[in-house]
Amino acid sequence: MANTNARILSTGRAYPEGVLTNADLEKLVETSDEWIISRTGIKERHKAADGEYTSQFAVRAAQQAIERARIDPSEIDLLICATVTPDQILPSTGCLIQAELGAHRAAAFDLAAACSGFLYGLTLANQMIRGGQARYALVIGAEVLTRYVDYTDRSTCVIFGDGAGAALVGASEGDERGILGTRIRSDGRYAEQLYAPGGGTRLGITADNVNSGQHYFRMKGNELFKVAVRSMADVSREVLEEAGYKGEDVKLFIPHQANQRITDAVANNLKVDSGIVYSNIAMHGNTSSASIPIALDECVEQGRISEGDLVLLASFGGGVTWGSVLMRW
Ligand code: COA
């Protein structure tokens, strides 16, 4: 299968019905709708109810993508679930999703790269398809982040939401469409800018650790902000340059939905027109690995992408991790 391109054939998305508005948060912590909107752009976010869990949203998003690609789940060779909020420690959420979908031939696993997880997964799927190891790959980003949010910490509880997005990636031979370039990076020296110390083997699941909230997210928002803008812009520029394009050539730019001010700063840095930058942060907040595939599916639904358009994706997240993918739709 030499000269095979990998292309996103279809997408899907799902989220909990439950919504947490800024007004709801005003009742929980000392904050205001005005502060949250001006500092983040977020108005509301979806929140899973007790009893709802990550793979449920992943399966719904994946089923949409599979139906739209008109393939049978048994044709999927690779199933990647990007998540930092798995259903359980063992087995992987990917395997649980695989069983629900009936994707019995797939190699299924989880990928933990926080908000960059979907682009990490897309990068792996691209290589597996180009190398002839897979014909169809399902890349999912799915999170129930609100389970790890401390609703007494105003600096984090306003940011995160829940949901899932999926992309069915397939081989597309002999045309110009598909993934043109990918770049993924990480730097563990910044691990403590966004982390949850408890719940693993280091600070185990003891009553003391749970009671003192060791499993909750902690974030140095201010420092993260600067690293996010710089690294997303740098890696996007690298991917564009390598493929022979400039920011002006991009028809749709979907950055990870972390904060409207980060999105604006990255777009400005890359010199892409604000009109081609997609944002849904107001309605979803930051859904980590789910944010880009949810946004992509919304763009497809709204007719914001046409065949042949140059589409740029960029992400940044805990780890820290970051990446960019350029594709011709
Ligand atoms: N409501 C009201 N005030 C708040 C608040 C809230 N929800 N959260 C923090 N504050 C306060 C702080 O306590 C601080 O008060 P102080 O000056 O009295 O100490 C003040 O606002 C400024 O805090 P700071 O952290 O400097 O604010 P900021 O402008 O950097 O905005 C974030 C905070 C979190 C919105 C911003 O840093 C951010 O979005 N960073 C990136 C986070 C991110 O995207 N993370 C995920 C990456 S994938």
Quiz item: Out of all the residues in the stretch 10-48, which are among the β-branched types (Val, Ile, Thr) and out of contact with any Asp or Glu (no Cβ under 7 Å at 6 or more places or on another chain)?
Solution: Val29, Thr31, Ile36, Ile37, Thr40, Ile42
Quiz prompt | Verdict on Thr21 being touching a strand residue (DSSP E or B) at 6+ places or on another chain (Cβ under 6 Å), within 16 Å of the ligand (Cβ to nearest atom) and either within 25 Å of Val311 (Cβ to Cβ) or at pLDDT 95 or above (or both) | solution = yes
Practice problem: State yes or no: is Gly117 of a type outside the set (Ser, Thr, Tyr), touching a residue at least 12 places away in the same chain (Cβ under 8 Å), away from the ligand (no atom under 16 Å from the Cβ) and not assigned by TED's automatic domain parsing to the domain that holds Arg218? | Solution: no
Practice problem: Select, from Ala114, Ala107, Ala134, the only residue that is in contact with a Leu (Cβ under 8 Å, 6 or more places away or on another chain) and under 16 Å from Gly317 (Cα atoms). | Solution: Ala114
Quiz item: Limited to the stretch 264-285, what total is found for residues that are in contact (Cβ under 8 Å) with a residue 40 or more places away in the chain, within 15 Å of the ligand (Cβ to nearest atom) and not aliphatic (A, V, I, L, M)?
Solution: 3
Exercise. Please find, among Leu224, Leu240, Leu252, the residue that is crowded, with 17+ Cβ neighbours inside 10 Å, in contact (Cβ under 8 Å) with a residue 40 or more places away in the chain and within 15 Å of Ala114 (Cα to Cα).
Key: Leu224
Quiz item: Since Gly198 meets every condition but one in (1) within 16 Å of the ligand (Cβ to nearest atom); (2) in contact with a His (Cβ under 6 Å, 6 or more places away or on another chain), which condition does it not meet?
Solution: (1)
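Condition check ((1) at pLDDT 95 or above; (2) over 17 Å from Ser116 (Cα atoms)) across all residues:
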site	(1), (2)
Leu270	no, yes
Asp273	no, yes
Gly285	yes, no
Cys299	yes, yes
Self-check item: So Lys246, is it at negative phi and surrounded by fewer than 16 Cβ atoms within 10 Å (Cβ to Cβ)
Solution: yes
Practice problem: Could you check Ile294 against (1) crowded, with 20+ Cβ neighbours inside 10 Å; (2) more than 9 Å from the ligand (Cβ to nearest atom); (3) within 22 Å of Arg185 (Cβ to Cβ) and say which number it fails? | Solution: (3)
Quiz item: Within the stretch 163-171, can one find any residue that is buried (at least 17 other Cβ atoms within 10 Å of the Cβ), under 30 Å from Arg70 (Cα atoms), of a type in the set (Gly, Ala, Ser) and within 16 Å of the ligand (Cβ to nearest atom)?
Solution: yes
Self-check item: Members of the stretch 88-102 found to be in a loop (DSSP other than H, G, I, E, B) and either surrounded by 24 or more Cβ atoms within 10 Å (Cβ to Cβ) or touching a Phe, Trp or Tyr at 6+ places or on another chain (Cβ under 6 Å) (or both), listed by number
Solution: Ser92
Exercise. Output the number of the condition that Asp87 fails; it satisfies all remaining conditions of (1) more than 16 Å from the ligand (Cβ to nearest atom); (2) of a type in the set (Asp, Glu); (3) more than 19 Å from the chain's Cα centre (by Cα).
Key: (3)
Quiz item: Does Ile80 fit the bill of being β-branched (Val, Ile, Thr), surrounded by 24 or more Cβ atoms within 10 Å (Cβ to Cβ) and outside any helix (DSSP H, G or I)?
Solution: yes
Self-check item: Sole exception among (1) under 16 Å from Val250 (Cβ atoms); (2) buried (at least 19 other Cβ atoms within 10 Å of the Cβ); (3) more than 16 Å from the ligand (Cβ to nearest atom) for Gly308, by number
Solution: (2)
Quiz prompt | In the stretch 201-221, the residues that are among the aliphatic types (A, V, I, L, M), free of Cβ contacts under 8 Å to residues at least 60 places away in the same chain and within 16 Å of the ligand (Cβ to nearest atom) | solution = none
Quiz item: With Thr85, Thr31 as the choices, which residue is of a type in the set (S, T, N, Q) and under 24 Å from Thr321 (Cβ atoms)?
Solution: Thr85
Self-check item: Of all residues in the stretch 33-75 being small (Gly, Ala, Ser) and surrounded by 14 or more Cβ atoms within 10 Å (Cβ to Cβ), the one that is farthest from Gly94 (Cα to Cα)
Solution: Gly41
Quiz prompt | Number of the exception - Leu326 against (1) part of a helix (DSSP H, G or I); (2) within 21 Å of Ser10 (Cβ to Cβ) | solution = (1)
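The values are calculated or read from the model by the stated rules, or taken from the named source; none is laboratory data. In this text the structure is predicted, and so the values were computed from the model without any measurement. When we count neighbours, we look across all protein chains shown, and the Cβ atoms used for this are built from the backbone with ideal geometry, even at glycine.
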